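Down below is the structure, laid out as structure tokens.
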Amino acid sequence: MPTGALTKTSLPLPLIARGKVRDVYDSGLNSGEYKGAMLIVATDRISAFDVVLENGIPDKGRILHGLSEFWFRQLTPKIIRSHLLGTQFDEFPQPLKEALANVRDQVEGRCMLVRRAKVLPVEAIVRGYITGSGWSEYKRSGTVHGIKLPEGLKECEQIPNGPLFTPSTKAEQGEHDENIHPDKVAELIGPELAESVATKAKQLYAEAENFAKSRGIILADTKFEFGLVRNIVNGKEQDELILVDEMLTPDSSRFWSADKYEMGRSQESFDKQYVRDWMKANGLDKAAQTFTPVTLPDEIVEQTAAKYREAYKMITGRQFETTN
């Protein structure tokens, strides 16, 4: 029976926010590069259809943390700098380690110390294949995020002349993100910054897609988030665009097995597919509207955990070591 899921943290630090998966704390550090830094802890919570489920997936947070750490080190800073200051407890400044000494079991292998940034109000989605909401829109109008595509494409087909930058608005928690045309990003954050976000997102996708392909995985689409930090250059303050949040995990990306890929049908993904399917089959995909609490049965928890572990092994080349 699944045990040991960490669904809520309680650290002796000021809590900034609890997201669907991550708990964010003020690190309490106030000097040098760590000034104002935040501690982000990936819990084992899981959400689907805008519902955070009552029970979590054991080790999910540690797997997400490990995958994000792997990709950050693989792709940054050669393409863009990230918000990372440290990803392991032993790397943290001594005052923070002392503050967390009695709760180390809640943060070990699942927390990142990051620079505080002004997060841009845009989800930087990049699509290499036509699937999900992109496929639904294409069937209706022949477009994806308002971008016209050739006629006759099949479900899960690689997008001609792709990948596409297909952003969405970054909604408040409980709200729905809205797919928008890339031109709308310029209205939200300005044309120069919008161009930088689109360029960096597509560069990151291209590098990750090539790497994933070498591991037998198709990266169908993914989401990046960006933020701004203030730096002093030649005595003047200026904004620097950096990568924030998580990166290329099954929660933010659609990974398919290259061996099982077949154009013209939906694909099996390395994510929470079992959770979505179970909720749909039991009429719980509208639970958010009725505020119905949802608890997953043990077999769905086990199947989902196995998928996350499989993704970790295929991408990193290492077996994930469970805590149980």
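The values are calculated or read from the model by the stated rules, or taken from the named source; none is laboratory data. Because the structure is a prediction, the values reported are computed rather than measured. A quick note on method: Cβ atoms are made from the backbone with ideal geometry, for glycine too, and the neighbour counts reach across all protein chains shown. When the accessible area is computed, the model is the full protein with side chains, heavy atoms only, and any ligands, DNA or RNA have been set aside. Shrake-Rupley method; radii C 1.70, N 1.55, O 1.52, S 1.80 Å.
Ordered by packing density, taken as the mean number of other Cβ atoms within 10 Å over each peptide's residues, highest first, how do 139-149, 77-87 rank? Mind dumping the intermediate values first?
Working: 139-149: 14.7, 77-87: 18.0.
Those peptides, ordered most packed to least, come out 77-87, 139-149.
Based on the Cβ-Cβ distance of M314 and E192, what FRET efficiency does E = 1/(1 + (r/R0)^6) give at R0 = 51 Å, to the nearest 0.05? Walk me through the numbers on the way to the answer.
On the way: r = 38 Å, r/R0 = 0.74.
Step by step, r from the Cβ atoms, then E = 0.85.
Going by Cα centres, the stretch 279-320 and the stretch 32-56 are how many Å apart?
Between the Cα centres of the stretch 279-320 and the stretch 32-56 lies a distance of 16 Å.
Using R₀ = 51 Å, calculate the FRET efficiency as 1/(1 + (r/R₀)^6) where r is the Cβ-Cβ separation of K148 and E33; round to 0.05.
Numbers: r = 46 Å, r/R0 = 0.89.
Rounded to the nearest 0.05, the efficiency is 0.65.
Cross-link partners among lysines for K260, C-alpha distance below 26 Å, same-chain residues fewer than 8 apart left out?
Straight-line reach from K260, under 26 Å: K60, K139, K154, K202, K213, K223, K272, K280, K307, K313.
Roll a 1.4 Å probe over the protein chains and send me the accessible area per residue for the stretch 75-197 in Å².
On the way: 6270 Å² over 123 residues.
Solvent-accessible surface per residue comes out at 51 Å².
Provide the gained length on full extension for the span V119 to R265, in nm with one decimal, where the gain is 0.36 nm per separating residue minus the Cα-Cα distance. Could you put the intermediate results ahead of the total?
On the way: separation 146, 0.36 × 146 = 52.56 nm, distance 3.59 nm.
Contour length minus the Cα-Cα distance gives 49.0 nm.
At a 1.4 Å probe radius, carbon and sulfur cover how many percent of the accessible area of the chain?
Accessible surface attributable to carbon and sulfur in the chain totals 46 percent.
Can you figure out the FRET efficiency of Q88 with D50, using R₀ = 35 Å and their beta-carbon distance, to the nearest 0.05? Working shown, then result.
Working: r = 32 Å, r/R0 = 0.92.
My answer for the efficiency is 0.60.
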